[in-house]
Amino acid sequence: MIGGFGVWELLIILVIVLVIFGAKKLPEIGDGVGRAISNFKKASNEPEEIDVTPKKEEEKKKEDA
């Protein structure tokens, strides 16, 4: 059981996907989904590069002027 789906449910979903997209498009779709998941995981593991430190009052006044 994967994510709450049993073997039969996964087979039915696979057959429906094959009928809709065809066997030739399936590798392209799988490749795209795999790259998307990989990019998402990589982006979620990277530290944020945004500076969120509070600014001092003097710096705020200089920016407003």
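A short reminder: the numbers here are calculations on the coordinates, not readings from a lab. From a predicted model like this one, the values you see are computed outputs, not experimental measurements.
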**Report entry** Difference of contour (0.36 nm per residue) and Cα-Cα distance, ASN45 to GLU28
**Finding:** 3.5 nm
Query raised in the report: In whole Å, what three semi-axes, largest first, describe the equivalent ellipsoid of the range 1-44 built from its Cα gyration tensor (square root of 5 times each eigenvalue)?
Result: 22, 17, 5
